[in-house]
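A.B. asks: If you scroll down you'll find the structure; I have some questions about it.
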Amino acid sequence: MSINKLVSPAQREQLLQGLYDAAEAVRPIFENRDSYKLVDKSSSFDIGLEADSQAEKIIIESIASTGLHALVIAEESGRSDATDFDVVVYIDPIDGTVNFAHGIADYCHTLAVYTPENEPLFAATYDPSAQEMFTMVSGEGLFLNGESFVRPSLGNLHPVRSIEVEWFGAPNVEAVTAALLANGFRPRFTGSCTLDITRTVFGRGSGAVQLLNYAWDVAAGLAMAKEAGLVATKLDGSAIDLFNYGRQDIIVAEADLHAELLAIVQT
């Protein structure tokens, strides 16, 4: 079935509007840190704000307005109770919550639409600080602020090979970082898994190594990576099963670099 039958252009626009609306709703909170309210999460590495729930509610309402028969998997509210669905929508209402809470601009709002068989259909990541909307449409390519985008091939020619790393409390972060440094890479820790992978896909980094992240953290980035022809696997080289994906470690890069990174992190 074609992308337009599962998620029409009009429905995609409604989903994008949901991200824009969520961003505008929580922007005053980002700009006024005295208004932040924490909610309990599983660990000190997994903080939550009322702003996360507020943004998520707006995005979920935008999904409902499209009429999509969707199973929703969201960071704050978890898995919806849908049993009859045509698509799966992953939501991270604010990816980079720690940055958001400290007034650091590296955060985003993101969603991704997949088939139940794990095939990406549509994904969007909105960086409100840069006012950049990154999207992919299956079979149609990548888009930046609505304009078609062709990813430049970085290969091994770039003089500084930067690797975006997000670790989320992973016990292997020191070993992985040391291995990257020992092999001439420049690890960068921005604090947003989604932005890490998205920027890699759009040619703003050589690759991404993401440790112990959830499906909603990576769903949009993995969709974009696949559309761009990049390779994404777990750190052991096995395939990622997004639908049954707990906290796992992944690598995203062009094929040659991906193979090099796998060899490095496995030593």
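A.B. asks: Which ³J(HN,Hα) values in Hz, rounded to whole numbers, follow from the phi angles of the stretch 246-256 under the Karplus curve 6.51 cos²θ - 1.76 cosθ + 1.60, where θ = phi - 60° and Gly and Pro get x?
C.D. replies: x, 7, 9, 9, 9, 10, 10, 5, 4, 4, 5
A.B. asks: So, by mean Cβ neighbours within 10 angstrom, what's the order for 132-139, 180-187, 196-203, 73-80 with the highest one leading?
C.D. replies: So the peptides 132-139, 180-187, 196-203, 73-80, ranked by packing, come out 196-203, 132-139, 73-80, 180-187.
A.B. asks: Which whole-number percent of Cα pairs in the chain have a distance greater than 34 Å?
C.D. replies: It works out to 13 percent of all Cα pairs.
A.B. asks: Sticking with the crude label model, points 7 Å out along Cα→Cβ, report the distance from residue 17 to residue 255 in nm, one decimal please.
C.D. replies: 4.2
A.B. asks: Also, I was wondering about something else. Build a GNM of the chain with springs between Cα atoms under 10 Å: which of 92, 127, 84 gets the top mean-square fluctuation?
C.D. replies: Taking springs between Cα atoms under 10 Å, the residue moving most is 84.
A.B. asks: Quick check on the chain: helices-only [θ] at 222 nm, where DSSP H runs of length 4 and up contribute -39,500 (n - 2.57) each and the sum goes over total residues. Nearest 500, please. Walk me through the intermediate numbers first.
C.D. replies: Values: 8 runs with 93 residues, N = 267.
Helices in the chain give a 222 nm mean residue ellipticity of -10500 deg cm²/dmol.
A.B. asks: Now for a separate question. List every residue whose amide H lies under 5 Å from the amide H of residue 86, counting only residues 5 or more places away in sequence or on a different chain, with H placed 1.01 Å from N in the peptide plane.
C.D. replies: For residue 86, the qualifying residues are 69, 70, 71.
A.B. asks: Kindly state, to the nearest 0.05, the FRET efficiency for residue 234 paired with residue 31, given R0 = 35 Å and r defined as their beta-carbon distance.
C.D. replies: Numbers: r = 38 Å, r/R0 = 1.09.
With a Förster radius of 35 Å, E is 0.35.
A.B. asks: At R0 = 35 Å, how high is the FRET efficiency between residue 172 and residue 118 if r is their beta carbon distance? Nearest 0.05 is fine.
C.D. replies: On the way: r = 26 Å, r/R0 = 0.73.
Between residue 172 and residue 118 the formula returns 0.85.
A.B. asks: Could I ask something else about it? Rank the residues 69, 102 as a footprinting-exposure proxy: fewest other Cβ atoms within 10 Å of their Cβ go first. Let's see the in-between values first.
C.D. replies: Details: 69 11, 102 14.
By the 10 Å Cβ count, ascending: 69, 102.
Every read-out reported here was derived from the displayed coordinates using simple, explicitly stated rules and does not represent laboratory data. Just so you know, these numbers come straight off a predicted model, no measurement behind them. Here Cβ is always computed from backbone atoms with ideal geometry, including for glycine, and neighbour counts include all displayed protein chains.
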